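Okay, structure first, notes after.
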Amino acid sequence: MIRITVSIRLTTQQVENYYRGRIRWVIATAADDRTVKLPFKVLHPFISKDGIDGIFIITTDQKHKFQAIDRLKTQPRRNLDAEA
């Protein structure tokens, strides 16, 4: 098995474009600078009202055929804007 780490951030508009049939694939850069092309449908479980945002582990077989995708647990993003 091969494991690839990618960060994916898609806006609600980009997700909507998928549902309208305008896009079928997501292309992301892996942590090791490889380019990864995924069918959008594998990201369905991760769609929220804000789109898709997270760091994911993609698992493939030795021939690079997709096997699974899992989201890493991360800390929620905080608004860093503060008034003095």
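Computed from the coordinates by the stated procedures, all read-outs in this text should not be read as laboratory data. Since we're looking at a predicted model, the values are computed, not measured. Ideal geometry is used to build each Cβ from the backbone, glycine not excepted, and the neighbour counts take in all protein chains shown.
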>> For a bin width of 10 Å, list the pair-distance distribution of the range 2-71 built from all Cα-Cα distances, rounded to whole %.
In response: 20, 56, 22, 2
> Among 2-12, 39-49, what's the highest-first ranking by average C-beta atoms within 10 angstrom per residue?
Replying inline: 2-12, 39-49
> Under a 5 Å amide H to amide H cut-off, with H placed in plane at 1.01 Å, what residues pair with Ile23 once short-range neighbours are removed?
Replying inline: Tyr18
> Under a 5 Å amide H to amide H cut-off, with H placed in plane at 1.01 Å, what residues pair with Leu10 once short-range neighbours are removed?
Replying inline: Ile52, Asp53
